[in-house]
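So the structure is just underneath, and the comments pick up after that.
The values are calculated or read from the model by the stated rules, or taken from the named source; none is laboratory data. Quick caveat: nothing in here was measured; it's all calculated off a predicted structure. Note: ideal-geometry Cβ built from the backbone for every residue, glycine included; neighbour counts use all protein chains shown.
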Amino acid sequence: MTNDSAPLLSLRNVRKWFPVASSKIGERKTYVHAVNDVSLDIKRGETLGIVGESGCGKTTLGRAMIRLQKLTGGRVIFDGEDITNYNEKQLRPLRKHMQVIFQDPYSSLDPRMTVSDIIAEPFVFQNMYTKTERAERVRELMSLCGLDPIYARRYAHEFSGGQRQRIGIARALALTPQFILCDEPVSALDVSIQSQILNLLISLQKKSGLTYAFISHNLSVVYHISDRIAVMYLGYVVELAPRKELYFHAVHPYTKALLKSIPKISFDSEPIKAQLRGDLPNPVNLPGGCVFCTRCPNSKGRCQMELPLLREIAPGHQVACHYAEETTA
Amino acid sequence: MSENLLDVANLATYFYTDEGIIYALDGLSFSVKKGETLGIVGESGSGKSVTALSMMRLVQSPPGKIVSGSVIVGGEDILKKSKKEIKAIRGDKIAMIFQEPMTALNPVFTVGSQIMESLRIHLKMDKKQARKKAIDMLSKVGIPLPEKRVDEYPHQLSGGMRQRVMIAIALCCNPELLICDEPTTALDVTIQAQILELINDLKKEFNTSVLMITHDLGVIAQVSDNVLVMYAGKEMEYGGVREVFQHPLHPYTGALIKSIPTIGNDRDVLHVIDGIVPSLSKRPDGCLFHPRCEKCMDICRTQRPGLYHINDKRRVRCWLYCAE
C-alpha cells in the first residue's frame, strides 16, 4: 500500500526523441527532441496544468506519462510502481487507473459505434460486469456527464461538439480511474460550450478526488482549472509553480512573454505588443546552451554556453534560467 | 457621398441543401468608415465567415446563394458586378486574409511569385518592378532576409511567416478594405501578438479599413474600434468595442463575456450558457437566442425581436430594449 502523501505520478528525466528518416544510407541519424529530461511529480487529487506553444512537447510528455509511448530515457512511476518498461500486457490492468480525454471530439469517437458501445468499451477490455450491469453503468455515466441516457443508442455524429466531448469524458470515467490525462479537451469548442466542459471536469474532480494532467495552449483556461502549472518550451520545462505564483510572479522570460501575449478584454493597459521576435527554433537542432536564448530579450554570454537546470527559487517555484534571481528583483 | 467606405445592407445568404434551407446569414447590415476596424464576433455557425465570403462573392453556388442585400464599397455595389468586374476588385480594392495560412497559399509557387501575381494583374507592373515591390512588402511585414525568402516555397516557412506572407499579398495593392477571417486562430499566442501588432501598425500606415472576424473576444478588444456580435446568422448587438464589452446590453453578449475564464478571477464555477447554438435549418420561433437566454420573457418565445437603436452608435436585437 502506498501512502497518501506520495505523488500519484512521478517522472524522472523523461526523454522522448523521435528519429527523423534520413534520406541517405550511412547518414548520421537525427532526432526530433520532443521531450528532454523532464522531472516532475503529480500529487493525488491535484490538477497539474501543462502549457506551451505548438511543438513544445506537451502532448508527447502527456502520452509518455501514461505510457502510450515508449520512452527514450528516464523513468515513469505510477502509484509507486515503475512502469517505464512495462509491455502492453503488464500495462492493461493499470489502464483502469489512468485514462485520457482527447482534443478532437470528432475523430476520437468511432463513428460506427453507438454511444453506449463507446462508453462500455472499456468494460469489454477489462472484462468487467455482466451485460445488464454494463447498461446500468452506461446510464449512470451518461447522466453524470450531463447526457440524457435516452440517447444511448445514437451514434456520435448525431451529437454536437460539446456533447461529444461529454461522451469522451464519460468513457474516460467508466473504469473509475485515479488519473486522467486531459489533452486540450476544450480547444475545439466554442467559448459558451468550453465553460460547460470545464465546470463538468472540476465538479467530477471534487466528487471523486480525481487527479488531472491538463494540457492546453490556452493560458486562461489552464489558470482556471490548475493547482500547479508547468510551462514548456522546446521539450524542456522552463518554469513550474503554483498557479497564482506563476501568473503573478513569473520569473522565466518566456513565461512572462507568454502571459503578456494573451489578448485581454481590458482597455486600461497598452495595446497588444509583440513580446518575442522570431519563431521557435527547429527541435532537430536545438540551440546550444539555454534553448530559449535565441529569442530571449535578456540573453547573455552564459546563456549560449550552458543549459540552465530547473532549480527551486521559492518554495514550490522552480525555474530554469541562469538569471532567475535578477529578474525577480 | 457618405463618409462610409463600406455599407452592407440587409445581406442574406442561404444554403439550399437536401435537409432544407440553411439560413446562414439572415439580413445583416453594417458600415465601416475609412481607417476604422470593425470586429465581428460570434461562435461557430453564427455566420461570420459567410459574411466575409458573401462580401467577396466567394460563396459556393450551389448550394449557397446570396438572396438579398447590397455591399457598397466606395459607391459601387459588389453584388451587382459581373464576374469579370469582381475579379478586378478582389485583391485590389478589397483583400482578404484567411484563417489557414497552410492551405491558403499555393504550395507549387514561390512566395514571391504569389505576391507578384496580384501586382502584375492589378497594378500592371512588369516582372522586375513586381519583384522589387514583393521584396519590399516582405520586409514591411517583418520577414527577415526578404531577398532570400522571396524565392522560397510556402512549406519552407513557419505558420507565422506564412501568415505574414498572406498579409503581404493582401496589402500589396493597397486595398481600401482588408477582411481578416480568423487571421490568428491557427497561430500560437506569441506569434499571434506579433501578427496583431503588425495589422495595427499597417492599418495606421496605409489607413486601411479592416473587418476583423474572429471568435476570440480578446483579439477583438485589442484591435477593433467597433464590434458587431453575431448569433445564428443575425446581428445581436453593435457598438463601440469598449461600451459593448464593459456594458453589454444583449443577454448573449453578457453571458459570452462572463463564460470566458480570466486570469486572476477565482470564481470556482464558470458562467455557463446552457444548451447549444440552434440548427440553422430549424430555427426556433421568436428570438433565436431565447432557448438559452436567462432573461427570456413570453414575447421572446413567439415574436422575433427587431434591432433597436439605443443611440446612434449602439444597436441591440432584444425585446428588453423595445421602446413601446
Can you pull out every residue in the stretch A:138-178 that is outside any helix (DSSP H, G or I), under 25 Å from the mean Cα position of the chain (by Cα) and under 17 Å from B:Gly275 (Cβ atoms)?
A:Cys145, A:Gly146, A:Ser160
In the stretch A:213-329, which helices (runs of 4 or more DSSP H) lie fully inside it and hold 2 or more residues that are under 20 Å from the mean Cα position of the chain (by Cα)?
A:219-225, A:243-248, A:253-260
Taking A:Val222 as the residue in question, decide whether it is closer than 18 Å to B:Val269 by Cβ, crowded, with 20+ Cβ neighbours inside 10 Å, in contact with a strand residue (DSSP E or B) (Cβ under 7 Å, 6 or more places away or on another chain) and in contact (Cβ under 8 Å) with a residue 60 or more places away in the chain.
yes
Just one of B:Ser118, B:Ser139 is surrounded by fewer than 22 Cβ atoms within 10 Å (Cβ to Cβ), at pLDDT below 90 and touching a strand residue (DSSP E or B) at 6+ places or on another chain (Cβ under 9 Å); which is it?
B:Ser118
Hey, does the stretch B:223-234 have a residue that's surrounded by 21 or more Cβ atoms within 10 Å (Cβ to Cβ), on the phi > 0 side of the Ramachandran plot and in the same structural domain as B:Tyr252 (by TED's automatic domain parsing)?
yes
Please go through the stretch B:289-313 and pick out each residue that is crowded, with 18+ Cβ neighbours inside 10 Å and more than 14 Å from chain A (Cβ to nearest Cβ).
B:His290, B:Cys300, B:Pro305
Looking only at residues that are small (Gly, Ala, Ser) and surrounded by fewer than 17 Cβ atoms within 10 Å (Cβ to Cβ) in the stretch A:109-155, which one is farthest from A:Leu175 (Cα to Cα)?
A:Gly146
Within the bounds of the stretch A:297-307, is there any residue that is touching a Gly at 6+ places or on another chain (Cβ under 6 Å), surrounded by fewer than 20 Cβ atoms within 10 Å (Cβ to Cβ) and among the charged types (D, E, K, R)?
yes
Within the stretch B:121-132, tally of residues that are in a helix (DSSP H, G or I), of a type outside the set (Gly, Ala, Ser) and more than 27 Å from the chain's Cα centre (by Cα):
5
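Yes/no matrix, rows are residues, columns are (1) within 13 Å of chain B (Cβ to nearest Cβ); (2) touching a Gly at 6+ places or on another chain (Cβ under 8 Å):
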position: A:Ile193; (1), (2): yes, yes
position: A:Leu200; (1), (2): yes, yes
position: A:Tyr212; (1), (2): no, no
position: A:Ser226; (1), (2): yes, yes
position: A:Tyr247; (1), (2): yes, yes
position: A:Pro253; (1), (2): yes, no
Residues located in the stretch B:142-154, provided they are within 14 Å of chain A (Cβ to nearest Cβ) and either in a helix (DSSP H, G or I) or crowded, with 19+ Cβ neighbours inside 10 Å (or both):
B:Gly142, B:Ile143, B:Arg149
Which of (1) more than 9 Å from chain B (Cβ to nearest Cβ); (2) surrounded by fewer than 16 Cβ atoms within 10 Å (Cβ to Cβ); (3) more than 30 Å from A:Leu200 (Cβ to Cβ) is the odd one out, the single condition A:Gly316 does not satisfy?
(3)
Keeping to the stretch B:163-198, report how many residues are within 11 Å of chain A (Cβ to nearest Cβ) and charged (D, E, K, R).
3
So the strands (runs of 3 or more DSSP E) completely within the stretch B:7-76 holding 3 or more residues that are at pLDDT 90 or above and within 15 Å of the chain's Cα centre (by Cα) are B:20-33, B:37-41
Would you confirm whether any residue within the stretch B:255-263 is in contact (Cβ under 8 Å) with a residue 24 or more places away in the chain, within 12 Å of chain A (Cβ to nearest Cβ), touching a His at 6+ places or on another chain (Cβ under 8 Å) and under 26 Å from A:Asn218 (Cα atoms)?
yes
So if I check each of A:Met142, A:Met232, which one is within 14 Å of another protein chain (Cβ to nearest Cβ), farther than 23 Å from B:Ile260 by Cα and of a type in the set (A, V, I, L, M)?
A:Met232
Taking the stretch B:199-247 only, how many residues are within 11 Å of chain A (Cβ to nearest Cβ) and over 21 Å from B:Leu5 (Cβ atoms)?
13
Does A:Leu71 fit the bill of being within 25 Å of A:Leu204 (Cα to Cα) and of a type outside the set (Gly, Ala, Ser)?
no
Exactly one of A:Leu258, A:Leu286 is among the hydrophobic types (A, V, I, L, M, F, W, C), within 11 Å of another protein chain (Cβ to nearest Cβ), within 25 Å of A:Ala64 (Cβ to Cβ) and touching a residue at least 12 places away in the same chain (Cβ under 8 Å), and that one is A:Leu258
Surrounded by fewer than 22 Cβ atoms within 10 Å (Cβ to Cβ) and over 14 Å from the mean Cα position of the chain (by Cα), is that true of A:Gly62?
no
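Check the stretch B:62-75 and report whether any residue there is among the charged types (D, E, K, R) and not assigned by TED's automatic domain parsing to the domain that holds B:Val229.
no
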For B:Arg149: the one exception among (1) in the same structural domain as B:Val244 (by TED's automatic domain parsing); (2) modelled with pLDDT of 85 or more; (3) among the charged types (D, E, K, R)
(1)
Somewhere in the stretch A:183-205, is a residue crowded, with 19+ Cβ neighbours inside 10 Å, touching a residue at least 60 places away in the same chain (Cβ under 8 Å) and hydroxyl-bearing (Ser, Thr, Tyr)?
no
Residue hits (the stretch A:179-212; under 21 Å from A:Phe78 (Cα atoms) and either in a helix (DSSP H, G or I) or not aromatic (Phe, Trp, Tyr) (or both)) are A:Ile180, A:Leu181, A:Cys182, A:Asp183, A:Gln205, A:Ser208, A:Gly209, A:Leu210, A:Thr211
If I filter the stretch B:99-108 for residues that are at pLDDT below 90 and in a strand (DSSP E or B), do I get at least one hit?
no
